[in-house]
Structures are given as C-alpha cells and as structure tokens.
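Undergrad: Please read through the structure below; I'll follow up with questions.
What follows is calculated from the coordinates using simple rules that are stated; it is not laboratory data. A quick note: this is a predicted structure, and the numbers were derived from the prediction, not measured. All Cβ positions, glycine included, derive from the backbone under ideal geometry; neighbour counts span all protein chains shown.
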Amino acid sequence: MKIAIYANDGRQSMAVSRKLYQKFADTHFIFDNDHPDIVVTVGGDGTLLSAFHKYAAIIDSVRFVSVHTGHLGFYTDWRDDEIDDLVISLQSDNGQSVSYPLLDIHVKYKGIAKAVNYLALNEATLKRSNATMVTDVYIGGEFFEKFRGDGLCVSTPTGSTAYNKSLGGAVIHPNLKVLQVTEISSINNRVFRTLSSPMIIAPSDWVTLVPSAGRDYSLTVDQQNYHGKQIEQLRFKISKKSIHFAKYRHMQFWRRVQDAFIGAEYEN
C-alpha cells in the first residue's frame, strides 16, 4: 500500500506527522506523495480540504483517513493519541470505503474561450465586493429568478453542515446526492423579490448563474478564492466523482452532526 501524509504546519500536527512517518516506515509501507492509495491528513477539516484539492486529479483512485490534532473536525475520525491503532487498521485494509458526493463548477470567463472546471467538497460561493450582486438564476436550463443581494452559496450534502448551515440552510444526509442553493442576505421588498428560502436541487438538474457585468465578483471553491476576471456564466451540478474515506470506523453521519453541533452533554 502506498501512503502519503498531509499535515498542516502546526506544532502538534507536525509532531504527529513525524510519528506516523516512523511507524509507517517501521511497518514497511511505501511512501508515494504523487500517486498514493491512502492519504492520511493530520490537522483538522481545513487540512482535509487542502489535501482533497491537492489530489483532486486522482480522486477516483485515492482514499482519505484523517487524524485531528485540535478540536474534533467533521471529517476527522482518529485522535492524535490513536495513531498506533490507525497503523494497525491500515495493515489489515481490505479496500472498504464510504463515499461522499462532490460539486462540479463550470465557469465561463469573458475573453477566455475555454471554460474552467473546479471541484468542491463543501461549497462554492459567488459574491460581489463593491456593489449588490445581481444575477439571473436558472434551474435545469429554465429561468427561475433574478437574485439581488450579497451572494449565493451552493453546497454539497456534507458541505451543508459548513457555511450553508450558518446561512440557515438545511443539513442533508450525504446519501442524498443533491446540491443546495442558499441565499446570502437577499434583497426582498415591493420591487425586488427572490424565493428567500434554501433550495434542494435534484441530481438530474443543474443551477446556472448569469451575473451582471463586472470584474469585482469573488468566486470561492471551498477554501480557494478566484477573483479579478469577469464571469459570464457559472454552472453547478452534482459531480459524477466522489471523495472516498477508508472505512475502518467511519462515524455515522447523524452522530457526527450531533457531536459537532450539539455535544454529548445534551444526550439523554
């Protein structure tokens, strides 16, 4: 089995990373940072997101395992004091995995003939920095509304627990391969109207945004930010690709949500 370790630069994460390197070397794992079978991330959810984007080109052939070195992350299953158990689990790996859907983002920029494609694990947002964002919204190719406000957030089911949730969006189980569109401070009055509610979009449909002209739009894809180019059109759709986590003791989704947002002290 080929292993890559991807850690943030925190002191604790680097210490755990060094221990993992030594334990993997002692148990004769092969290190391969370019084409690993397993990527072990050390840090938190931000580290996992960064690793996902690094290995997005080979996402179909790689599985992830996450070790948290701070507060429990939503994607992290192992604590930093459990690395011996993690190594033993990897030694007996049988290829099992649990998969979560991803988001395809297709962007057409003004003056650039070829569209650009991005892949998101959590969400993508479109905002405008110097004025109210105005964009036509199409669902499945049909015009739906003209949105005015601060921006729009399009999230995956696992991303529904991130920025989407803070915007008042629904939490969605990842077995439902849908995307969610959530408004960011929409303008609603006697003149301008939006649905003013999160929308759950079926996997067979897609969402298209055609923003008004301007170069001051900011597109975020998970932690990455793209700006400075005039966007003519964005299309969002649930990807045919998925992220795969090695299933050694992957926590059940609703238990993960409970641990992240409610806490054990509220259990009966």
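Undergrad: Zone of residue 230 (label point 7 Å along Cα→Cβ, backbone N under 18 Å): which residues in region 102-138?
TA: Flagged as within label range: 107-116, 127-136.
Undergrad: Rank these for me by crowding, 183, 232, going from fewest to most other beta carbons within 10 Å. Please report the intermediate quantities before stating the final value.
TA: On the way: 183 23, 232 15.
Placing the least packed residue first, the sequence is 232, 183.
Undergrad: Can you find, among 161, 39, 119, the residue sitting farthest towards the positive end of the charge dipole of the chain, where Lys and Arg contribute +1 and Asp and Glu -1 at Cβ?
TA: Selected residue: 119.
Undergrad: What is the dipole size for the chain, taken about its Cα centre, with +1 at each Lys and Arg Cβ and -1 at each Asp and Glu Cβ, in debye to the nearest 20?
TA: That gives a dipole near 960 debye.
Undergrad: Per DSSP helix of 4 or more residues, -39500 (n - 2.57); summed, then divided by the residues of the chain. What does that give at 222 nm, rounded to the nearest 500?
TA: Rounded to the nearest 500, the figure is -5000 deg cm²/dmol.
Undergrad: Determine the dipole magnitude for region 102-240: charges of +1 sit on the beta-carbon of Lys and Arg, -1 on that of Asp and Glu, nothing else is charged, the reference point is the Cα centre, and the result goes in debye to the nearest 20.
TA: 240
Undergrad: Restricting to the chain, what percent of DSSP beta bridges are antiparallel, rounded to 5? Intermediate values should be presented prior to the final figure.
TA: Details: 55 of 72 bridges.
The antiparallel proportion sits near 75 percent.
Undergrad: Calculate the translational D of region 193-261 in whole µm² s⁻¹ from Stokes-Einstein, where the hydrodynamic radius comes from the Kirkwood formula applied to all Cα pairs, the temperature is 25 °C and the viscosity 0.890 mPa s.
TA: Reported coefficient: 152 µm²/s.
Undergrad: Sticking with this structure for a sec: Looking at the P(r) of region 102-240, how many percent of alpha-carbon pairs lie beyond 20 Å?
TA: 41
Undergrad: Note down the relative contact order for the chain as a percent, whole number, built from C-alpha pairs under 8 angstrom at least six residues apart. Before the final figure, lay out the partial values.
TA: On the way: 578 pairs, mean separation 53.1, N = 268.
Rounded, it is 20 percent for the chain.
Undergrad: Can you find, among 17, 137, 65, the residue farthest towards the positive end of the dipole of the chain? Put +1 on the C-beta of Lys and Arg, -1 on that of Asp and Glu.
TA: 137
Undergrad: For the pair residue 60 and residue 84, how long in nm is the line joining their label points, each one 7 Å along Cα→Cβ?
TA: 4.1
Undergrad: Please report the Cα spread of the chain along all three principal axes, rounded to whole Å, starting with the longest.
TA: 67, 52, 35
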